[in-house]
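Scroll down for the structure; my scribbles are underneath it.
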Amino acid sequence: MQDRIEDPGRTRWRRFAAMMVPAAAAAGAVLFGMQSGAIASDITVSGQTFKIGAERLEGDGFKQYGGIVKEKNGKVHPVALSEISSAQLYKLCQSVRADLPGLPVVLTINAGDDKPATAKDMLIAMDSLDGNATFTNIRIGRDATDLNASAQAGSFGQDAQHVTITGLEQVSRYTTAATFNLTGLRLKVNVGDAAKGKECF
């Protein structure tokens with residue numbers, strides 16, 4: 001295998017994530033990725049997605065495999081789980097809709113314009129990710145338990161020494177990091193007409 005694999009086109013991770021989750025999980029027979037090291041079983045998500053965009057992401061220690069997140073009402077969502085040991089995000093944008101009855105509301109966070117935002121030991125549970133990706137020393141088709149012991153044995157996983165993603169557009173349900181340094185942080189609540197077009201993408 002070559003040390004470097006490049007994908008110059010748009011990478012459609014929604015389709016890829018769907019292939020990573022066993023059919024049994026979609027039927028509710030197998031729930032995985034919920035133990036220590038992935039997403040703890042006592043963590044519940046809001047059920048609402050949020051958007052993350054970046055001009056460029058540079059990540060060391062990339063791993064990806066299938067998993068789920070769970071709402072308080074018990075509803076589960078199959079997701080693609082991505083781990084990145086160390087990440088730099090240039091021109092980071094995060095947005096979430098928080099509409100009130102009859103009133104559009106969008107919360108936006110921007111950072112990393114002059115110096116990149118940085119994160120350590122980041123875990124992302126996502127529905128989809130678009131972008132142009134370049135992987136260094138990628139290994140595709142690994143058993144997911146070799147990447148995270150709490151994953152489902154026999155399920156699909158991949159890892160890479162380094163990943164670069166430009167034009168990143170990601171729809172997420174949950175993100176955590178040991179440290180997250182947002183340089184040049186700007187947070188704004190956009191209400192009414194001011195909320196139009198304020199989502200990251």
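Accessible-area rank, largest first, for LYS70, LYS196: LYS196, LYS70, with all protein chains present and a 1.4 angstrom probe. Per residue, the range 81-194 exposes 45 Å² of accessible surface when a 1.4 Å probe is rolled over the protein heavy atoms with every protein chain present. Protein-only accessible surface at a 1.4 angstrom probe places the residues ASP193, ASP60 in the order ASP193, ASP60, largest first. The alpha-carbon of LYS72 sits under 25 angstrom from the alpha-carbons of these lysines, leaving out residues fewer than 8 places away in its chain: LYS51. Summarising the label geometry, the points placed 7 Å from Cα in the beta-carbon direction at SER85 and ASP114 lie 3.1 nm from one another.
A simple spin-label model places the labels of LEU103 and ASP146 5.4 nm from each other, with each point 7 Å out along Cα-to-Cβ. Of the peptides 96-109, 144-157, the ranking by mean beta-carbon count within 10 Å, highest at the top, reads 144-157, 96-109. A dipole drawn for the range 49-132 from +1 and -1 charges on Cβ atoms has a positive end, and of LEU123, ILE84, ASN110 the residue lying farthest that way is LEU123.
The values are calculated or read from the model by the stated rules, or taken from the named source; none is laboratory data. Since this is a predicted model, take the numbers as computed values, not measurements. Neighbour counts are summed over all protein chains in view; Cβ atoms, including those assigned to glycine, are modelled from backbone coordinates with ideal geometry. The accessibility values were calculated without ligands, DNA or RNA, using every heavy atom of the protein model including side chains. Shrake-Rupley method; radii C 1.70, N 1.55, O 1.52, S 1.80 Å.
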